[in-house]
Ligand code: ARG
């Protein structure tokens, strides 16, 4: 018997309907939890709405700083881009939401947690895997998945139960946002051959309408994470929010790609991730000047695996921690300054420096006063090409 349920509450129509539905179906007490992960919503209004719908208690949790330090920063260190493009912004917030749900459930002696994810997406997997990993005794209820409500039926239910229906702003999109990015789905975006319409975007201007003059940024990193912008030290949340604003004004961070969802579906996804785009580009570049070739190339595999695990809802898996151990070790030297030029939708690294730089101008220069002994290259080529020469010789011999 489920008597007390902790619901992940966004304040939107779906989860508002869920409050009533859970109360009725289970005759249970509902406790709502809303996290502020930088989605820029009025948490006070969400809380009031929850109480109006008769919840026993509501938790508003400001998780911005924790999200930035414990979730976004590791993603920067890992240059996390799922399938080479998506900065896993939504994915990163899910294990944090799951942790808070489990925490509140334990504190409140609840027997179940509930969420408003559909049965087609990744978020159900991320939240449920994480909640179950943290507390296997908690039951997880996914009413939207079980219930299979159409939009019309949902609005009917809402009207009947006095649930405020958000005024339709004429935007048929499903949006999820936090500090690290904004995801936009549904409507015309489901036709991958069509360019996303302008009304899908809120954080970025179209590149063609961006300022005609470039803007230069200097980003300072310490041990793999950004600590200052244009010479001013900033706390993580402030730094990320500032970058979202500055880069967004230059049309930087629009992402349009075909994504492989966990449940096997290909989908067309549109994102706005200005800060993530700039920071990952800058961080990758800085790594290239401080890590050895062997580290740079090996780390690309680790980074891709890290992004995949996070996308796939496996934040809590030991493998993620194992990869973090490797990544953190490499980041000990990733300190320095990166200069980025923002212009018409592009963020281009145009300069980098580090006290741990492995770049040696005396080795690299094509000038005469170099310390590199060119004569040793002849022997190197001899041995480097040996296996290839042997194999080619055999191939030739077999053909004759
Ligand atoms: N495809 C993205 C992911 O799986 C975003 C999903 C949530 N987006 C949304 N608009 N509800 O991480």
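Rule-based calculations on the coordinates, nothing more; no lab input. Just so you know, these numbers come straight off a predicted model, no measurement behind them. Neighbour counts run over all protein chains shown; Cβ positions are idealised from the backbone, glycine included.
Quick notes on this structure:
- Checked against (1) within 13 Å of the ligand (Cβ to nearest atom); (2) more than 26 Å from the chain's Cα centre (by Cα), residue 200 meets all criteria but (2).
- Looking across the range 148-174, just one residue is under 29 Å from the mean Cα position of the chain (by Cα), away from the ligand (no atom under 15 Å from the Cβ) and surrounded by 14 or more Cβ atoms within 10 Å (Cβ to Cβ), and that is 149.
- On the stretch given as the range 119-146, residues that are surrounded by 15 or more Cβ atoms within 10 Å (Cβ to Cβ) and in a helix (DSSP H, G or I) total 15.
- Those residues of the range 79-107 which are crowded, with 22+ Cβ neighbours inside 10 Å and more than 16 Å from the ligand (Cβ to nearest atom), in sequence order: 79, 101, 105
- Residue in the range 199-210 that is surrounded by fewer than 19 Cβ atoms within 10 Å (Cβ to Cβ) and free of Cβ contacts under 8 Å to residues at least 40 places away in the same chain present: yes
- Residues of the range 78-112 that are in contact with a helix residue (DSSP H, G or I) (Cβ under 8 Å, 6 or more places away or on another chain), in a helix (DSSP H, G or I) and touching a residue at least 40 places away in the same chain (Cβ under 8 Å): 89, 90, 91, 92, 93, 94, 95, 96, 97, 101.
- Criterion violated by residue 177 - all others in (1) in contact with a helix residue (DSSP H, G or I) (Cβ under 9 Å, 6 or more places away or on another chain); (2) loosely packed, with under 12 Cβ neighbours inside 10 Å satisfied: (2)
- Restricting attention to the range 326-364, the residues that are in contact with a helix residue (DSSP H, G or I) (Cβ under 6 Å, 6 or more places away or on another chain), assigned to a strand (DSSP E or B) and farther than 27 Å from residue 259 by Cα add up to 4.
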